[in-house]
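The block underneath contains the structure these notes are about, expressed in structure tokens.
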Amino acid sequence: MVSPWSGMSNVIRPLRELWGRLFQPRPKPALASFTEIFDHFQELLRDHQQVMELIADLGEKSGGEYIFDRKYLADLTERLKTLLLRMVNGLNLITPRRYVDLYSTLDRIFLPLDAELRGRLSLSAEMPYVVPLKELPLDRPELTGGKANTLGRVIQSLHLPVPDGFVITTRAYRRFLEQNQLEDRMHALLESWASGEMDERQTARQLQYGILGGVVPHEVAAAVKRRVEKSESYWAVRSSAYGEDAEVSFAGIHESLLHVPPADILPAYRKVLASLFSAGALLYRNTMGMLGEDAAMAVLCQETVSSVAAGVVHTLDVADPQANSLVIYASLGWGRTVVEGTGSVDRYVIDRAPPHKIRTQEISLKRTMLGPKPGGGEEEISVPRAEQDKPALSGEVMQTLVQWALVLERYFKRPQEVEWALDGEGRCWVLQSRGLMFPKAQGWAREDVVEIGGRYSALLQDCGLVAHAGVGSGPVYHVDSDAKMNSMPEGAVLVIKYTAPWLARIVPRASAIIAERGSAAGHLATIAREFRVPTLVGVEGATRVLRDGMHVTVDTKQRVIYEGQVHELLQYELVRTLAFEETPEFRVLRRLLKRIAPLHLIDPQSPGFSPEGCTSVHDVIRFIHEKAIEELMNLPSLVRRFRGVQVWTLVSDLPLGLKILDLGGGIDPRARERKAMPGDLLSAPLLALWEGLAAPGVWSTDPVPVDLRGMISSLTKTRAEPSAGAPSPGANLAVISDSYMNLHLHLGYHFNLIDARLEPDASRNHIYFRFVGGVTDMTRRSRRAQLLASILSRCDFKVDTRGDLVVARILHLPREDMHNQLRLLGRLIGFTRQLDIQLRSDEDIPHFVESFLREHLPLGAMSLR
């Protein structure tokens with residue numbers, strides 16, 4: 001068998017060769033001029049946008065509307081690699097060379113991507129042999145297998161009860177093959193079967209003999225024994241092959257052993273490994289087009305639940321998908337009789353809609369049940385005569401199972417088949433959840449559904465751009481603050497003013513997303529595609545028309561938002577046959593997307609916002625973009641690089657003494673003697689800010705009343721005291737072009753920094769604002785920071801505060817909206833210039849917030865929610 005690492009050195013060698021050329025010891029070169037830095041920054045932004053568009057293209061392909069092959073995936077991955085390498089180079093030229101660790105990050109991300117394209121698993125030597133179920137790395141399904149990865153998500157994301165345990169990883173499987181020298185022999189046997197020299201039974205028998213006769217490596221055995229040596233529990237030892245219950249189900253194909261004593265876990269482990277090569281497993285993988293891909297088995301070990309009842313929930317009735325009902329199957333004892341269809345089973349058909357009434361119930365005569373065998377294993381047990389015709393479940397337990405099953409369906413974005421157990425103390429447990437398979441297309445045709453939709457009241461139609469196609473329904477929920485973000489209910493329709501990456505963590509909870517502003521190639525749209533959340537962007541009037549709590553149905557493919565629940569649309573979306581998901585190319589695409597699209601680096605202030613914290617392509621470009629902006633915001637450290645740039649002095653009635661460095665197109669060329677009047681400004685961001693600063697009544701030079709405490713604080717404060725994060729003192733300075741501005745304003749003891757771009761393409765636009773400092777004590781300066789944060793949050797900025805430091809940002813709005821936001825910032829800088837002296841108590845903050853919004857907001861900012 002070919003080693004999964006073979007040929008990989010060719011993938012990343014260009015990166016290492018370039019690293020060697022760039023960073024080999026040599027005389028320190030002269031610093032690049034700011035013009036050169038700015039050129040690199042411009043190219044970096046263009047590359048960033050191209051990467052986002054490529055990720056969006058991959059996301060669109062995952063929706064099933066397009067046909068593609070592996071060459072498309074390979075070419076696109078190669079293009080991503082080229083763009084990211086150029087972005088890393090650009091950042092290290094801008095900074096300079098502070099982020100060379102990003103080259104190793106690219107290795108770490110693209111080696112597994114190449115392995116996926118070649119049908120090979122990429123497992124590094126640092127990966128563990130055994131990992132606790134509660135600590136599974138959810139971004140490493142190739143390490144823990146599909147079933148375990150799903151349960152890890154159920155535990156860590158949904159917090160539903162799952163029996164405790166651990167996973168013996170696919171790295172342990174690789175080590176098992178290596179120690180027992182099985183890889184070459186297995187490869188030869190599979191080749192013989194593929195060529196027709198052997199049938200599947202002969203091949204399976206030879207393969208399984210090799211595994212069952214193998215020795216578990218000492219380091220793997222020791223790691224397993226450490227997990228069970230003090231346990232008095234019996235264990236379920238279950239298969240978790242790569243892709244199992246994820247891209248394909250493998251239902252009933254691989255081995256699972258119940259009620260295994262701790263001493264027998266390693267022999268049970270070998271039996272589960274061997275089931276990877278049963279005749280049925282070989283035929284299944286061949287049928288699904290997976291024979292050329294690496295097969296690898298992780299093994300899930302969980303404490304046995306002593307169940308009094310167990311079974312399966314189907315979140316849709318397979319026999320009647322249009323009925324808007326789900327079905328619970330239940331037996332007494334253990335649930336194997338349900339999943340294998342070998343025993344008597346109760347069947348409950350229940351409304352999907354609250355209050356989840358029971359439509360029908362069929363109670364079987366249950367003479368026997370499966371249960372634990374003394375010493376290990378399972379056996380058939382007689383059911384007492386008085387219990388044989390009683391329901392296996394109470395109404396309370398059924399309600400719990402219904403609610404959990406629908407939560408799982410919303411999270412995984414498709415109908416689910418959920419295995420469950422009920423223990424003797426009345427506690428329910430989730431044992432497994434996988435996609436519910438339908439044998440053929442069910443329900444209405446799309447054309448019929450669209451016609452049915454015409455019977456319902458449309459609140460908005462023919463609006464916005466499709467970021468991800470689909471149907472979702474739920475109560476409207478507006479998010480305009482961190483507090484509202486934290487309290488967003490599961491299954492709500494998220495309605496926002498604009499898309500922003502910091503909303504990523506609530507995307508999995510949304511049934512649909514509607515944004516008034518944003519790009520289909522933006523960060524949030526990418527996250528929505530990853531989680532298959534139907535999303536529309538650019539929906540004018542959404543926050544006005546769609547009120548909090550209103551129940552709506554969103555059909556993003558038709559770009560219609562209906563009032564209430566459109567049952568037919570929701571049913572169609574759940575049961576439509578996704579034949580493309582069964583193709584090998586689609587399975588590869590979904591695995592690639594897991595390493596490309598997720599965004600984990602959301603908070604730039606987090607300690608994990610680092611090259612080491614980047615685990616996806618999306619993370620890398622987010623990190624690079626943030627650090628490039630951060631570098632340009634630190635202008636005082638770059639002043640010595642301003643050679644060759646024209647420097648102007650702004651002459652105006654405002655006492656700013658502003659020096660302007662024009663990179664081109666920022667000042668009217670007819671201006672003379674390096675002095676510019678406000679009328680000479682051509683830079684769109686600086687013009688917008690100036691409109692706010694110079695508006696009548698904004699810039700007051702009248703003395704402000706100071707109380708004794710404020711006066712003493714101002715007398716004792718020196719310029720040597722600026723808070724952490726403040727730039728060095730110096731002249732007021734702006735670097736501009738026709739569409740860009742980087743501004744440092746030192747107004748007394750206040751430090752304002754603004755980095756902004758205004759272009760016709762909204763996806764390139766941003767405003768970063770930073771404020772720190774003040775003349776009074778820290779308590780009053782912190783009040784001023786709270787006031788700024790409150791105003792900016794209500795005007796759609798994402799705001800973070802620490803003490804008297806305020807950092808705010810807004811991204812990807814149309815040029816006109818960005819213009820209005822910069823006017824707002826200009827007014828806000830003038831309004832709050834001496835305000836910390838007047839903020840004598842916390843009660844003053846709301847008064848000044850409302851005063852500013854009342855006086856200034858209608859004149860240029862975006863509308864309030």
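The values are calculated or read from the model by the stated rules, or taken from the named source; none is laboratory data. It should be emphasised that the depicted structure is a prediction, and the values quoted were computed from it without experimental measurement. Virtual Cβ from ideal backbone geometry, glycine too; neighbours counted across all protein chains shown. Accessible surface areas use protein heavy atoms only, side chains included; no ligands, DNA or RNA. Shrake-Rupley method; radii C 1.70, N 1.55, O 1.52, S 1.80 Å.
Is the shape of the range 307-435 best called rounded, prolate or oblate, per the rule: a/c under 1.5 gives rounded, else a/b larger than b/c gives prolate, else oblate, with a ≥ b ≥ c the square roots of the Cα gyration tensor eigenvalues?
Details: a/c = 1.95, a/b = 1.56, b/c = 1.25.
In terms of gyration-tensor shape, prolate.
Note on residue 139 and residue 403: their simple-model spin labels are 3.3 nm apart, each label 7 Å out from Cα toward Cβ. Of the accessible area of the range 446-564, computed with a 1.4 Å probe over protein heavy atoms only, carbon and sulfur atoms account for 48 percent. Classify the range 35-105 as rounded, prolate or oblate from the Cα gyration tensor: take a ≥ b ≥ c as the square roots of its eigenvalues, call it rounded if a/c is under 1.5, otherwise prolate when a/b beats b/c and oblate if not. Cα axes put the range 35-105 in the prolate bin.
Subtracting the Cα-Cα distance of residue 187 and residue 551 from 0.36 nm times their residue separation leaves 125.4 nm of extension gain. The label point for residue 365 and the one for residue 603, both projected 7 Å from the Cα toward the Cβ, are 6.2 nm apart.
Taking label points 7 Å from Cα along the Cα-to-Cβ direction, residue 212 and residue 394 give a separation of 4.5 nm. Segment residue 347..residue 630, full-extension length gain: 95.8 nm, with 0.36 nm per residue of separation and the alpha-carbon distance subtracted. The aspartates and glutamates within cross-link reach of residue 61, meaning a Cα-to-Cα straight distance under 13 Å and a gap of 8 or more places when in the same chain, are 53, 69, 530, 581, 585.
How large is the Kirkwood hydrodynamic radius of the range 446-564, counting all unique pairs of alpha carbons, in Å?
On the way: mean 1/r = 0.0726 Å⁻¹.
When all Cα pairs of the range 446-564 are included, the Kirkwood radius is 13.8 Å.
Here residue 738 and residue 851 are evaluated by their C-beta separation; at R0 = 25 Å the FRET efficiency comes out at 0.10. For residue 271, a cut-off of 25 angstrom between C-alpha atoms picks up these lysines, skipping any fewer than 8 places away in its own chain: 134, 147, 225, 230, 373.
Accessible area of the range 307-435 with a 1.4 Å probe: how many percent of it is carbon plus sulfur? Numbers along the way, then the final one.
On the way: 2830 of 5730 Å².
Carbon and sulfur: 49 percent of the exposed surface of the range 307-435.
A full extension of the chain between residue 231 and residue 379 corresponds to an added length of 51.0 nm, given 0.36 nm per residue minus the alpha carbon distance.
Quick check: at a probe of 1.4 Å, how many percent of the accessible area of the range 130-303 sits on carbon and sulfur atoms? Could the numbers behind the result be given before it?
Working: 3190 of 6900 Å².
About 46 percent, which is the carbon plus sulfur part of the accessible surface.
Within straight-line reach of residue 675, meaning a Cα separation under 13 Å, sit the following aspartates and glutamates at least 8 residues removed in sequence or on another chain: 662.
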